[in-house]
Amino acid sequence: QVQLVESGGGLVQPGGSLRLSCAASGFTSDYYAIGWFRQAPGKEREGVSCISSSDGSTYYADSVKGRFTISRENAKNTVYLQINSPKPEDTAVYYCAADLVPCGLGYLSWGFWGQGTQVTVSS
């Protein structure tokens, strides 16, 4: 019953910004974590950021620290990923995921996924 829907992707220039949204529904617990992952063609899916629904702790991959910010609504039904100072290597399909797992686990540990939204960074 858990459903996730991403939106907000598109074409962005270096020096620009973009905000991705993940609308979630059907949670049966207040303790689901929400993670953002990305995958470029031919490459492994990688974790980008994560937020814990239990205490609000946030985590970031080293490659995006200082540039990306994850946040959530108080109702815990929408999570955002703010992308600032994007780089060409940020180009990928971005997915949000949810599960009763701790932040930091790889993508194979996450059970619920959105459909993905394309982010392309180009001048």
Practice item. Could you check, for the range 63-72, whether at least one of its residues is more than 27 Å from residue 42 (Cβ to Cβ), in a strand (DSSP E or B) and either open to solvent by less than 30 Å² (accessible area, probe 1.4 Å) or free of Cβ contacts under 8 Å to residues at least 24 places away in the same chain (or both)? Key: yes
Practice item. Test residue 79 against the criterion of being touching a residue at least 24 places away in the same chain (Cβ under 8 Å), open to solvent by less than 60 Å² (accessible area, probe 1.4 Å), among the β-branched types (Val, Ile, Thr) and out of contact with any Phe, Trp or Tyr (no Cβ under 9 Å at 6 or more places or on another chain), and give yes or no. Key: no
Practice item. Residue by residue through the range 52-78, note down the ones that are at pLDDT 95 or above, of a type in the set (A, V, I, L, M) and either in contact with a helix residue (DSSP H, G or I) (Cβ under 7 Å, 6 or more places away or on another chain) or more than 21 Å from residue 122 (Cβ to Cβ) (or both). Key: 61, 70
Revision key, fill the gap. Of the listed residues (5, 48), the one being closer than 24 Å to residue 101 by Cβ, part of a strand (DSSP E or B), of a type in the set (A, V, I, L, M, F, W, C) and open to solvent by 40 Å² or more (accessible area, probe 1.4 Å) is 5
**Study point:** Qualifying position, being in contact (Cβ under 8 Å) with a residue 40 or more places away in the chain, of a type in the set (S, T, N, Q) and open to solvent by 60 Å² or more (accessible area, probe 1.4 Å), among 29, 85, 57
**Key:** 85
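The values are calculated or read from the model by the stated rules, or taken from the named source; none is laboratory data. Here the structure is a predicted model, which is why all the values come from computation and not from measurement. Using ideal geometry, Cβ is built from the backbone for each residue, glycine included, and neighbour counts are taken over all protein chains shown. Side chains included, ligands, DNA and RNA excluded: accessible areas come from the protein's heavy atoms. Shrake-Rupley method; radii C 1.70, N 1.55, O 1.52, S 1.80 Å.
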